[in-house]
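The values are calculated or read from the model by the stated rules, or taken from the named source; none is laboratory data. Treat the numbers as computed from the prediction; the structure is a model and nothing was measured. With ideal geometry, Cβ positions are generated from the backbone for all residues, glycine too; neighbour counts draw on all protein chains shown. Each accessible area value is taken on the protein alone, full model and side chains, heavy atoms only, with ligands, DNA and RNA left out. Shrake-Rupley method; radii C 1.70, N 1.55, O 1.52, S 1.80 Å.
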Amino acid sequence: MTALREFPSPSRALLAGMLSAWSSVFFLVLAGTYVGLGALAHDFGFSQWWLATTTVVVWAAPAQILLISALPTGASLFEVALGVTLSAVRLFPMVVALLPLIRRSARSIRDLLLPTHFTSVSMWVESLRLLPGIAPEYRIPFCNGLSLGYMTTAVAFGFVGFHLAAGLPPLLAGALLFLTPMSFLTSTARNCRQLVDVLAFAFGIVLGPLLAWYRVELDLMWTGVIGGLAAYGIHRVREAMS
Amino acid sequence: MSGPVLWGYAVIVLVGFLPNEVWRFAALFIARNLDDDSQFVLLARVIATSLITGVVAKLIVFSGGELAHIPFWIRLGAAAAGFAAFAVFRRSVFAGVATGELLLIVGGYWSGLTP
């Protein structure tokens, strides 16, 4: 077994996390996503500081897109809140799977509040890949640094997009939108450690478009639940047989 | 700050922060004592994985914005080639994303989108 990565101090672990965020492919993904969100916020008449506030306190691109595009159309606040909460169900299993990696070094639940709030797809994928190789006592600062790296990127490129607004050529705008699926596809595949992960990966790819095609309500939630349960079921059956 | 501006920030908390954050904190209070080898954690991990790859496939198949103006088979081909490059270059995410993006841009230009 290789030695776990150590740091001279927690603040150096935090810094290493930030540097890791800025040098990963998700830097480009967040930059691309938030340039788009900045332009959207501008077009719908929100201020750049309002957008930056949603980035820090909501910290979930799908929910932010919903807020920006639904609020000005006169949708009721209840409807918007319902849409946001449905889009956020995905965060639940992500936090559940992240906690065991960091909770041993937490002195109290307070140490877990920030990583919980910071949980997002990019941070989750990178944390599951990198944290097992880091000494437990430095995992929380590293994880917070990683998240701060991503969050500062998102806030900064939100401002950039706000000022560029609609000035993006169509092909570049299309290429920016393609960054999210392309990077999540490969980085999720990189994190597949066991057969059960590979199965979940494959079931998600098939079920996602299929349920959307048949206009199943809450298609993404069902994709996760059905794909995940099927992968887990096969895993348990194989374990029982061996 | 004027009333409408303050209301704009109150709306963020009411319909943005609270309905979003409730899932993160529900998970924290339910799972804070679970171990890495717990079956519930494994199940949560694979459900999250299926959910993410479901989103990925949906974004490629039913694209929005300017990406929708690039033909479906170019989007699919670029994603498949990018994934192949990822596998060939020792699971390099960078190789996968760079290859996919390059092919998408070439294909998009060829299909008539202005750069």
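For the reader, a short list of remarks on this structure follows.
- Largest mean-square fluctuation among B:26, B:78, B:87, in a Gaussian network model of chain B whose springs join Cα atoms under 10 Å apart, belongs to B:26.
- With the convex hull drawn over the C-alpha atoms of segment A:114-182, the volume per residue is 91 Å³.
- On association of chains B and A, roughly 7000 Å² of accessible area becomes buried (total for both chains; probe 1.4 Å).
- Mean sequence separation of contacting Cα pairs (under 8 Å, at least six apart), scaled by the length of chain A, corresponds to a relative contact order of 32 percent.
- Mean projected area in nm² (Cα convex hull; one quarter of hull surface) for the protein assembly as shown: 19.1 nm²
- Choice from A:64, A:48, A:194 showing the highest fluctuation, given a GNM over chain A with Cα pairs closer than 10 Å: A:194
- Solvent-accessible area, 1.4 Å probe, carbon plus sulfur percent, for the protein assembly as shown: 70 percent
- Per-residue SASA entry for residue B:69, accessible area with 1.4 Å probe, Å² rounded to 10: 110 Å²
- Under 12 Å, Cβ to Cβ, from residue A:99 - net charge with Lys/Arg +1 and Asp/Glu -1: +3
- Residue order for A:143, A:192 - accessible surface, 1.4 angstrom probe, largest first: A:192, A:143
- Loop-located trypsin sites (Lys or Arg not before Pro) in segment A:203-242 (DSSP state not H, G, I, E or B) with no more than 11 neighbouring Cβ atoms inside 10 Å: A:215.
- Extent along principal axes [Cα atoms of segment A:10-179; Å; largest to smallest]: 47, 35, 25
- Calculated mean residue ellipticity, 222 nm, the protein assembly as shown: -24500 deg cm²/dmol, from DSSP H runs (n ≥ 4) at -39500 (n - 2.57) each, averaged per residue and rounded to 500.
- Once exposed loop GluC sites (Glu not before Pro) are cut out (DSSP; at most 12 other Cβ, 10 Å), longest piece of chain A: A:7-216
- Only Cα sites of segment B:64-115 enter the Debye sum here, all with the same form factor; the resulting log10 I(q)/I(0) across q = 0.29, 0.30 1/Å is -1.00, -1.04, listed in q order.
- Computed over every Cα-Cα pair of segment A:192-242 and binned at 5 Å starting from 0, the pair-distance distribution P(r) comes out as 5, 23, 26, 20, 13, 8, 4, 1 percent.
- Cleavage-rule hits (chymotrypsin sites (Phe, Trp or Tyr not before Pro)) in segment A:17-126: DSSP loop, at most 15 neighbouring Cβ within 10 angstrom: A:44
- Loop chymotrypsin sites (Phe, Trp or Tyr not before Pro), segment A:182-242, which have at most 12 other Cβ atoms in a 10 Å radius of their Cβ (DSSP): A:214
- Surface per residue (accessible, 1.4 Å probe) for the protein assembly as shown, Å²: 46 Å²
- Kyte-Doolittle mean at least 0.0, axial Cα span of 20 Å or more - DSSP H helices of chain A: A:25-43, A:139-164, A:170-190, A:195-213, A:219-241
- Debye log10 I(q)/I(0) at q = 0.11, 0.16 Å⁻¹ for chain B, Cα point scatterers: -0.67, -0.91
- Mean separation of Cα contacts under 8 Å, 6 or more apart, over the residue count of segment B:1-109: relative contact order %: 15 percent
- Folded to 0 to 90 degrees: helix B:93-110 orientation relative to chain B principal axis, Cα: 60 degrees
- Among A:200, A:175, A:88, residue whose mean-square fluctuation peaks in a GNM of chain A (springs only between Cα atoms under 10 Å): A:175
- For segment A:53-136, the convex hull drawn through the C-alpha positions has a volume of 96 cubic angstrom per residue.
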